[in-house]
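Enquirer: Below you will find the structure I want to go over with you.
Where a number appears in this text, it was derived from the coordinates with a stated rule and is not lab data. Quick caveat: nothing in here was measured; it's all calculated off a predicted structure. Cβ: placed from backbone, ideal geometry, glycine included. Neighbour counts: every protein chain shown.
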Amino acid sequence: MSDVKVLNKGIKFAHASIGSVKGFEGKQFLKDATGASSCEISFGSLPKGASVPFFHSHKANEENYIILSGKGLFQVDDNVFDISEGSVVRVATDCDRNLKCTSDEPMCYVCIQALEGSLGNYTMTDAEITERESRL
C-alpha cells in the first residue's frame, strides 16, 4: 500500500499525493491528509483477477467510482456491467456493491463518498469570478 504524503497545507487548503497512479497498489484514504469535511476520497487498485474482498453498502453516503486505468466488472445488487478507463459509476445508499479487475494490467480507480442528497449549489451557482493578480 502506498502512503499519502501531505505536500503543502494552509489555513484554507491542503495538498496531498499518493505518488504515481501508474504504480499505485492497494487502497489509500485521503480525508485525514487533506482535512476534508464534505467527502471521503480514496484511491484503489486491483491486480488482474482480483476483486474487493467484500460487498458493502452505505446507510447515508453515496459513492462515485472513477476508473482511471484498466477494465473490469462492477456489481450493484444483482446487476453486473462492464467498466473501463473513463467509466464513472454512482452508487446510491442501501445497495450492495463490488468491483473486479478483468484486464491484464491493474485497474486503478478513485472513489468519492459523500452524503447522498446533500449537493445544493454547484459550479457557477456556488462560484463567483474574482479579481486577483495571477502568480502562476
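Enquirer: Mind listing whichever residues of the stretch 63-79 are of a type outside the set (A, V, I, L, M) and either in contact (Cβ under 8 Å) with a residue 60 or more places away in the chain or under 22 Å from G26 (Cβ atoms) (or both)?
Expert: Result: E63, N64, Y65, S69, G70, K71, G72, F74, Q75.
Enquirer: Go over the candidates G72, G35 one by one and state the one that is small (G, A, S) and touching a Ser or Thr at 6+ places or on another chain (Cβ under 8 Å).
Expert: G72
Enquirer: Before we move on, is E105 over 16 Å from the mean Cα position of the chain (by Cα) and within 18 Å of G44 (Cβ to Cβ)?
Expert: Spelling it out, E105 is indeed over 16 Å from the mean Cα position of the chain (by Cα) and within 18 Å of G44 (Cβ to Cβ).
Enquirer: Go through the residues of the stretch 42-54 one by one and say whether even a single one is under 20 Å from M107 (Cα atoms), of a type outside the set (G, A, S) and without any contact (Cβ under 8 Å) to a residue 12 or more places away in the chain.
Expert: Within the stretch 42-54, one or more residues are under 20 Å from M107 (Cα atoms), of a type outside the set (G, A, S) and without any contact (Cβ under 8 Å) to a residue 12 or more places away in the chain.
Enquirer: In addition: Can you pull out every residue in the stretch 55-89 that is in contact with an Asp or Glu (Cβ under 6 Å, 6 or more places away or on another chain) and either closer than 15 Å to P106 by Cα or β-branched (V, I, T) (or both)?
Expert: I67, S69, G70
Enquirer: Considering only the stretch 86-110, state which residues are within 15 Å of F55 (Cβ to Cβ) and among the basic types (K, R).
Expert: Listed by number, the residues that qualify are R97, K100.
Enquirer: Anything in the stretch 80-136 that is aliphatic (A, V, I, L, M), in contact (Cβ under 8 Å) with a residue 12 or more places away in the chain and not in a loop (DSSP other than H, G, I, E, B)? List them, or say none.
Expert: I83, V88, V89, V91, L99, M107, V110, I112, A114, L115
Enquirer: Can you tell me which residue among F74, F24 is assigned to a loop (DSSP other than H, G, I, E, B) and buried (at least 18 other Cβ atoms within 10 Å of the Cβ)?
Expert: F24
Enquirer: Could we say that D82 is out of contact with any His (no Cβ under 7 Å at 6 or more places or on another chain) and more than 25 Å from E25 (Cβ to Cβ) here?
Expert: So D82 does not fit the description; no.
Enquirer: Can you report the number of residues in the stretch 1-33 which are among the polar types (S, T, N, Q) and touching a residue at least 24 places away in the same chain (Cβ under 8 Å)?
Expert: Of the residues in that region, 2 qualify.
Enquirer: Test E40 against the criterion of being of a type in the set (D, E, K, R), closer than 23 Å to L7 by Cβ and under 16 Å from the mean Cα position of the chain (by Cα), and give yes or no.
Expert: Taking the combined requirement at face value, the residue satisfies it.
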